Structure formats: C-alpha cells, structure tokens
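Have a look at the structure below, then the notes.
The values are calculated or read from the model by the stated rules, or taken from the named source; none is laboratory data. Computed from a predicted structure; not experimentally measured. Backbone-built Cβ (ideal geometry, glycine too); neighbour counts: all protein chains shown. Just the protein is used for accessible areas: all its heavy atoms, side chains included, with ligands, DNA and RNA removed. Shrake-Rupley method; radii C 1.70, N 1.55, O 1.52, S 1.80 Å.
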Amino acid sequence: MKKFVIIIFSLLMIICAEAAAKNITVTGTGMTPSEAENDALRAAVENTLGVLVDSETLVQNQMLISDQIYTQSRGFVNDYYVVSREQIGEIWRVTINAEIDTQPDSKLMSELARLGIINVQLRNPKIAVYVPEQHLNYNVGGSGGETAIVKTLLNAGFSNVVEVGTGLNYQSPMAMNVAQMKQAAQNFSADIMIVGESFSEGVGDLGNYLPGNQRTNMEACRARVEAKMFVVRTGQVIAADGKYGSAYDNSQAIAAKKALASAGEQMGNYFVEQITGMYTSRQAVEVIVYGADFSKINLVQNALGKISRVKTVNLSSYENGRAIFNVGYGGSPQTLFNELQAVTNADLVLQSLTYSTLTIYVK
C-alpha cells in the first residue's frame, strides 16, 4: 500500500505577521504640543504602512492614503503614551510609543482592504484544492476526498475555495514541482494550492471484522489521502500529516466514497486548525449573539468561559438584544460554535459565519 502525506500551509496575514499589534516609537513636530502629537500619530501609522504595503503601491495611492488614512491616524492607534515633549525655539517635538492593531479585521486593515490598498484575498485567501482519487479494485470516479476537504474549509468560513476536480490533469500530483504547482495555481488565480492524491480499497465483507465472522453482504472499504499545500507567492511547502477513513455499504463503490469523505473531512479539519490555531494568541473571533434578553446572552458568555482554548472574552457592545463579544480563540468560528454547543444546554442556532466572525441566536 502506498504511503501518503498531507501538507498544509496558510498565507494569511494573521499568520505571517510577527505580532497582532505593532509597537512603534516615533517623533512628531508642530507649532503646538497638540499639533506635534498628532504629527507623531500620523508618523506611527505611516511607519506601519511601510511594513504592510509595498512601496510601489504606496506611491501609486499616495493621495488616497493621505486623504483617507493619515487624516484619521488617531482612530487606527489602539493606545499610546508620550515618551518625551520638548520645545526647540518655536517648534515642539513630541515622541510617542504607539500600538497599532494589524490583525486582518482591525480598523486599519479593513479600511486598507476597502480602499483596495491591500489585497483582500490575503485576509481570506483563495484556496484551490486538487486531490484526485483512485480505487485499487476498479475505477470509482469522482472526487470524494477532495469534495470533503473543500466542504470543511467552506464550513469553517473560508469563502474563497475552489474544487478543481477534472480541471487539471496530472498523473502524480504529489510529484508536481514548484513550477508546475505555481502554474496550476495561476490557472485558478489561487493564493494557496493544495495538490495530492487519495486512495481507497475494498477489504471484504464487513462480517470479517465482526465477532463470529458471519457474512453480512455489506462491503467494507478503507481510504487515505495525500496532498501538499503551497503558497503561490513564495513557493513554500510547510507541515505534514495524513488521515485514514473507513466505511461500509452494500455497494463497494459507495463504501469507498464514504471512506474517502471521512479521510477528507478529517484532513479539512486539520487544515482549518493549522491555519486558525497556529498563532493562538493572535486569533480573534467576533461573536455576535442575538437573544430575547440579556439572560439568554449571558448563557453564551458563561459558556465561552468554559472552553479551554478561549483565552479572553470581552463584551464590546449590547443593544436591543444584540451583543458583540471579542473572543481570543485558537480555532475556527465553526469549531468554536461546536464547542459552545458541547458546554451549554442553551438552544443555540448558527446564523452565519465567516473566517473571523460567528453569529448565533439563543432561543
């Protein structure tokens, strides 16, 4: 039997950034202390943009950035303190240490994405999945493992996922080199490319694996998936794992599909956890809760506090039966909802989710 390896990677800016917030010490000047302080705040934001945005883009959008970003600099600074303040002649010099939030859904990043200054796909990358399959006994057809991976990513809130299916034709995807993977990704305008293979085989009547070895006329199958995930921008391939699946049905073809789907779903969950949980301290999920009154919403707040991977729970607003919580969590919004259901008896209804938001209703 072939050995298979699944490789996973994420280009998300939330993983690539060195910290969720940038601490910068800068100096501003002006005719008054207040004017110099505002100039320092602008300098802090300008310094941050120099890290987040390439110089060519900054030059091309200079007027737009000046009008829409620099004039609102204070609103993009989480916190700051004055390091020094001095007057030299008629000019004031104020040095500050500022903290600027650079998480994907921060005010600054959202505004840059809205203006088209940064590529919104980096906040929710386009992922192309190409995992063709084979069955040892005969040709089953389709792509059960690939479909399960795509479905799991979509359920976790990654809305830019493409199931390649027969859109590519490589006999051995695991042997694809960087140039081939890059070309394949470009065909689908993908930021991230997952390529691989999935395998299944029939293992006989289910009764062979039950006490007494009595024939059941139910066919058992097992499966394993192989893939590698790489970033188009860098060509890097990172991390590895593999999952098995098994299933049975009165049709071997259907049993094979079920087994492949099981392995694919496990790998999809692994992808999601790697992407959203690799940097737990930087993962933030906005949880929006609707309830008839605050006692209902309080059930969710208490439940969040019982989940081990939840680091912080902050109520940012509450009005007319709608509460918004900022939750520090090392996982996907879908996984958070599943864990919420497990730790509370409250009747929770999933309304919607994205990569970084979860909206639920408490009956």
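On a per residue basis, region 123-202 carries 41 Å² of accessible surface, using protein heavy atoms and a 1.4 Å probe. A protection proxy built from the mean count of other Cβ atoms within 10 Å ranks the segments 199-207, 309-317, most packed first, as 199-207, 309-317.
Report the Cα centroid-to-centroid distance between region 167-191 and region 203-226 in angstrom, as an integer. Going from one Cα centre to the other spans 36 Å. Sorting 183-194, 82-93 by average packing, meaning the other beta carbons within 10 Å per residue, from highest down gives 183-194, 82-93. Scanning residues 5 or more positions from G202 or on other chains, those with amide H under 5 Å from its amide H are L136, N137, with H placed 1.01 Å from N in the peptide plane. Legend: distances between Cα atoms for K151/K363; K107/K228; K182/K257; K306/K363; pairs beyond 25 Å are K151/K363; K107/K228; K182/K257. Ligands, DNA and RNA are left out, and with a 1.4 angstrom probe the accessible area of region 315-357 is 46 Å² per residue.
Whenever you get a sec, compute what percent of the accessible area on region 286-351 sits on carbon and sulfur atoms (1.4 Å probe). Carbon with sulfur: 43 percent of the solvent-accessible area. Cα centroid separation, region 64-81 to region 289-363: 31 Å.
Within the accessible surface of region 161-270, defined with a 1.4 Å probe on protein heavy atoms only, the carbon and sulfur portion equals 46 percent.
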